[in-house]
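**Student:** After the structure tokens below, expect a handful of questions from me.
The values are calculated or read from the model by the stated rules, or taken from the named source; none is laboratory data. Here the structure is a predicted model, which means the values were calculated and not measured. Because the Cβ atoms are built from the backbone with ideal geometry, glycine has one as well, and the counts that use them run over all protein chains shown. Heavy atoms of the whole protein, side chains included, go into the accessibility calculation; ligands, DNA and RNA do not. Shrake-Rupley method; radii C 1.70, N 1.55, O 1.52, S 1.80 Å.
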Amino acid sequence: MATILLPKMNEISALGGGYVNSKPNPMPTIKAVLKVAKSGSVGAQLIIIAGPPCVGKSLLGSLLVRKIPESLVLDKDLTAGGFILQAASANGQPSHNAYSSDYYWKHLRPIEYAGPMAVACENLVNQRRVLLVGGWAPELGVTTFCNDLEKLIEPSQLIVIYLNPPDTNEWQQRLKSRGSQSDSEYVNTLVRTMGNLPIWSKAIRLSSMLPPNVLAQAGFNAIKELSCSQST
């Protein structure tokens, strides 16, 4: 009988590490995500919380869901982390290299992201706010992706919140505290590859250096402002 690897927090924290050693190919994931995206209700919002590893995406999602009425949070690592770990194990790869293979980018990542997107779109009903947490890099750098997604879910609203990475020393400390790879060579590579990724022009950029309560309030205020601008 096959052993199913349920995602543990320390294992999930290592998943993003393989990104720095990979050749990102966003198009298969973009195609898969757009295929499952569908129209939602007037007043509903799809709020994507994105950014590189260890910037506080999951924390922000957990804080915002407490502040936003009629909201729910879907964390991609929690919904798909076990699947990615199992696939890496089956291919003889350690968890910290789970994102590094061409096979991942062509075949696994599309499933990893399309599944939560399908669930999110099913929940775009009434006035519901769906917080969808995931890295979403480098997909956010493809201009047509968010533009197309925005049209597909209309009349629901698309909001993208992107957490900019902290300074190098802080980033290294966060990675170390979470049990992720954190040696200087790795962190410097992470800064080069993910420190300033291009993202959708309409995205809200927030600093991950902010204290959690301040960050959550900044996200809440930005969402409220965009919600008001859409209704006017």
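**Student:** Is at least one residue of segment 168-175 at pLDDT below 95 and either closer than 21 Å to Leu64 by Cβ or outside any helix (DSSP H, G or I) (or both)?
**Tutor:** Yes, segment 168-175 contains at least one residue that is at pLDDT below 95 and either closer than 21 Å to Leu64 by Cβ or outside any helix (DSSP H, G or I) (or both).
**Student:** Another one. Does segment 44-68 hold any residues that are hydroxyl-bearing (Ser, Thr, Tyr) and either in contact with a helix residue (DSSP H, G or I) (Cβ under 7 Å, 6 or more places away or on another chain) or in contact (Cβ under 8 Å) with a residue 12 or more places away in the chain (or both), and which are they?
**Tutor:** If we filter segment 44-68 for residues that are hydroxyl-bearing (Ser, Thr, Tyr), which is where we start, we get 58, 62.
If the condition is that a residue be hydroxyl-bearing (Ser, Thr, Tyr) and either in contact with a helix residue (DSSP H, G or I) (Cβ under 7 Å, 6 or more places away or on another chain) or in contact (Cβ under 8 Å) with a residue 12 or more places away in the chain (or both), then Ser58 is the only one that fits.
This table checks each residue for (1) open to solvent by 40 Å² or more (accessible area, probe 1.4 Å); (2) of a type in the set (Lys, Arg); (3) more than 17 Å from the chain's Cα centre (by Cα).
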{"site": "Glu112", "(1), (2), (3)": "no, no, no"}
{"site": "Pro116", "(1), (2), (3)": "no, no, no"}
{"site": "Ala120", "(1), (2), (3)": "no, no, no"}
{"site": "Asn126", "(1), (2), (3)": "yes, no, yes"}
{"site": "Leu131", "(1), (2), (3)": "no, no, no"}
{"site": "Gly134", "(1), (2), (3)": "no, no, no"}
{"site": "Val142", "(1), (2), (3)": "no, no, no"}
{"site": "Glu150", "(1), (2), (3)": "yes, no, no"}
{"site": "Pro155", "(1), (2), (3)": "yes, no, yes"}
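**Student:** Could you grab me the full set of residues in segment 181-229 that are under 17 Å from Gly51 (Cβ atoms), open to solvent by 80 Å² or more (accessible area, probe 1.4 Å) and either assigned to a helix (DSSP H, G or I) or touching a Lys or Arg at 6+ places or on another chain (Cβ under 6 Å) (or both)?
**Tutor:** The answer is Arg192, and nothing else.
**Student:** Name the residue that is modelled with the lowest pLDDT, counting only residues in segment 84-103 that are among the hydroxyl-bearing types (Ser, Thr, Tyr) and more than 16 Å from the chain's Cα centre (by Cα). Reasoning before the result, please.
**Tutor:** Going through segment 84-103, the residues among the hydroxyl-bearing types (Ser, Thr, Tyr) turn out to be 89, 95, 99-101, 103.
Applying the additional criterion that residues be more than 16 Å from the chain's Cα centre (by Cα) yields 89, 95, 100-101, 103.
Numbers: Ser89: 74, Ser95: 67, Ser100: 75, Ser101: 80, Tyr103: 84.
The residue in question is Ser95.
**Student:** Okay, next question. Does segment 21-37 hold any residues that are at pLDDT 95 or above and open to solvent by 80 Å² or more (accessible area, probe 1.4 Å), and which are they? So that I can check it myself, show each step before the final result.
**Tutor:** Taking segment 21-37 first, the residues at pLDDT 95 or above are 27-37.
The answer is Met27, Lys31, Lys35.
**Student:** I'd like to check something: does segment 106-122 contain any residue that is out of contact with any helix residue (DSSP H, G or I) (no Cβ under 9 Å at 6 or more places or on another chain) and either among the β-branched types (Val, Ile, Thr) or within 21 Å of Ile68 (Cα to Cα) (or both)? Let's see the steps before the verdict.
**Tutor:** Taking segment 106-122 and keeping what is out of contact with any helix residue (DSSP H, G or I) (no Cβ under 9 Å at 6 or more places or on another chain), we get 120, 122.
Retained after the next criterion (residues that are either among the β-branched types (Val, Ile, Thr) or within 21 Å of Ile68 (Cα to Cα) (or both)): 120, 122.
Yes, there is a match, as at least one residue in segment 106-122 is out of contact with any helix residue (DSSP H, G or I) (no Cβ under 9 Å at 6 or more places or on another chain) and either among the β-branched types (Val, Ile, Thr) or within 21 Å of Ile68 (Cα to Cα) (or both).
**Student:** Identify, by number, the condition in (1) out of contact with any Phe, Trp or Tyr (no Cβ under 6 Å at 6 or more places or on another chain); (2) open to solvent by 10 Å² or more (accessible area, probe 1.4 Å) that Tyr99 doesn't meet.
**Tutor:** (1)
**Student:** Got a sec? Which of Gly51, Gly81, Gly18, Gly40 is farther than 22 Å from Met209 by Cβ, under 16 Å from the mean Cα position of the chain (by Cα) and either surrounded by 23 or more Cβ atoms within 10 Å (Cβ to Cβ) or modelled with pLDDT of 95 or more (or both)? Steps first, please.
**Tutor:** On the way: Gly51 fails: farther than 22 Å from Met209 by Cβ; Gly18 fails: either surrounded by 23 or more Cβ atoms within 10 Å (Cβ to Cβ) or modelled with pLDDT of 95 or more (or both); Gly40 fails: under 16 Å from the mean Cα position of the chain (by Cα).
Going through Gly51, Gly81, Gly18, Gly40 in turn, just one is farther than 22 Å from Met209 by Cβ, under 16 Å from the mean Cα position of the chain (by Cα) and either surrounded by 23 or more Cβ atoms within 10 Å (Cβ to Cβ) or modelled with pLDDT of 95 or more (or both): Gly81.
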